[in-house]
Amino acid sequence: MKVFTSMTQWQTFRQGIKEHPLGFVPTMGALHQGHLSLVEASRETDLITIASIFVNPRQFDDKRDFDAYPSDYQSDLEMLEAAGVHFVLMPETGQIYADDYRFKVTESEFSHKFCGAHRPGHFDGVLTVVMRLLNLVRPDNAYFGEKDYQQLKLISDMVAAFFVPVNIVACQTIREEDGLAMSSRNRRLDKKSRQLAPELYAAIRNSATADEATEILLEKGFDVDYVEDIADRRLAAVRMGDTRLIDNVKI
Ligand code: AMP
């Protein structure tokens with residue numbers, strides 16, 4: 001496995017890659033089995049798998065959340081190597097945003113709903129970094145988790161809107177044994193919150209309506225950002241202290 005911290009070097013190297021298909025798994029590190037399932041999906045399909053680790057400051061609406069975002073690069077690289085990743089991109093912020101974010105991708109409808117309503121600018125930051133990373137990697141397939149369902153939808157719509165020649169592959173949510181969706185942020189939960197956290201999944205899965213799920217979550221002591229049904233999905237976000245958890249289920 002080769003790790004690139006210089007995107008200039010990566011771009012030169014990328015020009016020499018002739019093998020296809022090429023798969024790409026963008027991450028913000030603090031990796032867990034959910035991320036690795038995306039790598040596994042790529043390893044099954046692609047001849048070459050590229051992962052990136054970049055904690056994108058532009059998608060954090062709350063600086064405290066950015067500062068507290070977990071990172072463990074050594075363990076991340078060990079996991080990616082063991083999973084068979086060929087190349088890892090670990091850019092510095094200045095390499096991704098040499099323009100200081102003068103240019104960005106903005107979506108004006110869906111990105112303002114659900115998580116976007118509670119995190120101003122978040123999805124502009126996500127779409128912008130994904131667009132930049134896709135242009136750097138130029139993969140045939142790019143893998144994203146259904147865990148971040150609104151993000152997945154927005155990215156799919158963005159690549160269609162801009163005719164980006166990439167196939168977006170949706171990967172199902174990987175959960176802990178007690179049902180909690182795996183997330184880097186779970187590391188930040190204290191013992192009591194960690195015990196309560198699986199109730200988020202239970203509530204949205206077992207309730208007849210979004211309102212019923214909201215009531216259950218409030219009763220259990222969650223701070224509820226939203227629970228809402230769109231098409232065949234129920235999406236939810238809650239806060240437990242400083243930690244925000246999201247989840248969704250098919251309904
Ligand atoms: P993140 O590092 O949180 O930005 O996530 C990187 C990618 O991994 C995104 O496409 C996420 O949707 C995906 N991902 C994160 N957690 C999970 C999970 N529990 N199951 C499946 N995919 C996930």
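The values are calculated or read from the model by the stated rules, or taken from the named source; none is laboratory data. Because the structure is a prediction, the values reported are computed rather than measured. Positions of Cβ are generated from backbone atoms using ideal geometry, with glycine treated the same way; all protein chains shown enter the neighbour counts. Ligands, DNA and RNA are excluded from the accessible area calculation, which covers all protein heavy atoms including side chains. Shrake-Rupley method; radii C 1.70, N 1.55, O 1.52, S 1.80 Å.
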Residue identified as among the small types (Gly, Ala, Ser), touching a strand residue (DSSP E or B) at 6+ places or on another chain (Cβ under 7 Å) and under 27 Å from Glu177 (Cα atoms) among Gly23, Gly84: Gly84
Any residue that is touching a residue at least 12 places away in the same chain (Cβ under 8 Å), of a type in the set (Lys, Arg) and within 20 Å of Asp61 (Cα to Cα) - is there at least one of those in region 219-239? yes
Evaluate the following for Arg14: is it basic (Lys, Arg) and closer than 18 Å to Glu81 by Cβ? no
For region 79-101, which positions are surrounded by 13 or more Cβ atoms within 10 Å (Cβ to Cβ) and aliphatic (A, V, I, L, M)? Met79, Leu80, Ala83, Val85, Val88, Leu89, Met90, Ile96
By residue number, the members of region 167-220 that are open to solvent by less than 30 Å² (accessible area, probe 1.4 Å), within 16 Å of the ligand (Cβ to nearest atom) and over 29 Å from Ser71 (Cα atoms) are Ile204
Looking at Thr106, is it among the polar types (S, T, N, Q), in contact with an Asp or Glu (Cβ under 7 Å, 6 or more places away or on another chain) and crowded, with 16+ Cβ neighbours inside 10 Å? no
How many residues are in a helix (DSSP H, G or I), more than 11 Å from the ligand (Cβ to nearest atom) and open to solvent by less than 10 Å² (accessible area, probe 1.4 Å) when one looks only at region 8-54? 2
